[in-house]
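The values are calculated or read from the model by the stated rules, or taken from the named source; none is laboratory data. Owing to the predicted nature of the structure, the values given are computational and were not obtained by experimental measurement. Methodologically, a virtual Cβ is constructed for each residue, glycine included, from the backbone with ideal geometry; neighbour enumeration extends over all protein chains shown.
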């Protein structure tokens with residue numbers, strides 16, 4: 001499933017075309033995705049202007065002028081594609097085949113862009129695990145968004161905040177980082193990478209990096225910095241493009257070429273001075289990759 005960097009990459013790819021655009025018509029080519037489309041889905045979108053395209057955790061948010069908030073989730077295989085009015089696909093470097101079958105083009109937004117041109121934005125989802133729902137009022141009031149934790153993309157996530165969130169928690173550190181009520185948008189891949197950068201074992205209790213003392217303070221600061229940096233690096237690289245994920249122009253991200261531990265079981269650890277090897281364990285039904293030699 002696309003993680004936060006992939007969703008942010010999609011948002012940035014859509015933003016120049018969608019922000020400020022007027023939705024002329026909408027084609028909903030089936031009644032549902034993972035969930036049924038909201039009542040009067042097409043009617044409530046047509047004629048509206050998109051004032052802002054945002055992201056909260058792994059959700060895309062389309063803010064409408066005098067209209068509902070549209071909340072989108074890519075699911076396992078969902079992707080957006082930008083097309084010109086003449087039907088030609090936007091330029092992109094197609095390193096791997098992606099779904100182009102019209103049977104998987106489930107929603108099409110026909111737009112009049114802010115500059116007066118025409119464009120289509122197509123949502124394609126072979127597995128139909130994605131969804132589109134309406135939210136009324138502020139984005140944070142929707143049930144799917146209101147309980148989400150702090151975003152890991154800014155300076156709000158620092159050592160003291162992380163220590164306070166994890167104080168007294170006996171759950172494994174990896175599980176605490178994946179708790180969306182604490183930190184919004186972190187997923188399996190980037191948690192493994194951040195823990196490796198911070199030199200912390202995924203199995204240790206989350207509360208062990210909290211409390212008084214120089215060591216815990218340094219560990220919480222290092223982990224907060226590692227989370228922010230791994231997310232920033234992944235966004236800059238365009239995401240990871242695992243499985244069916246593609247960017248809005250059809251090209252793939254390349255952060256997977258920079259993985260230090262994820263999916264590298266048995267390979268030598270790349271941390272300078274470390275002679276260990278990457279190991280894999282299963283936590284909560286998910287693979288965790290780490291180096292026991294340099295993570296403590």
The residue that is nearest to the chain's Cα centre (by Cα), considering only those in segment 1-32 that are modelled with pLDDT of 95 or more, surrounded by fewer than 21 Cβ atoms within 10 Å (Cβ to Cβ) and assigned to a loop (DSSP other than H, G, I, E, B), is 19
Among 146, 174, the single one that is touching a helix residue (DSSP H, G or I) at 6+ places or on another chain (Cβ under 6 Å) and free of Cβ contacts under 8 Å to residues at least 12 places away in the same chain is 146
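Answer yes or no as to whether residue 212 is more than 22 Å from the chain's Cα centre (by Cα) and closer than 25 Å to residue 5 by Cβ. I'd like the intermediate steps shown before the answer.
On the way: more than 22 Å from the chain's Cα centre (by Cα): yes; closer than 25 Å to residue 5 by Cβ: no.
For residue 212, the condition - more than 22 Å from the chain's Cα centre (by Cα) and closer than 25 Å to residue 5 by Cβ - is not met.
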For helices (runs of 4 or more DSSP H) lying entirely in segment 158-205, having 3 or more residues that are within 23 Å of residue 7 (Cα to Cα) picks out 173-178, 188-198
Top-ranked residue in segment 140-185 [being surrounded by 18 or more Cβ atoms within 10 Å (Cβ to Cβ) and under 20 Å from residue 68 (Cβ atoms); ranked as modelled with the lowest pLDDT]: 142
Would you call residue 175 in contact with a strand residue (DSSP E or B) (Cβ under 9 Å, 6 or more places away or on another chain) and within 24 Å of residue 280 (Cα to Cα)? yes
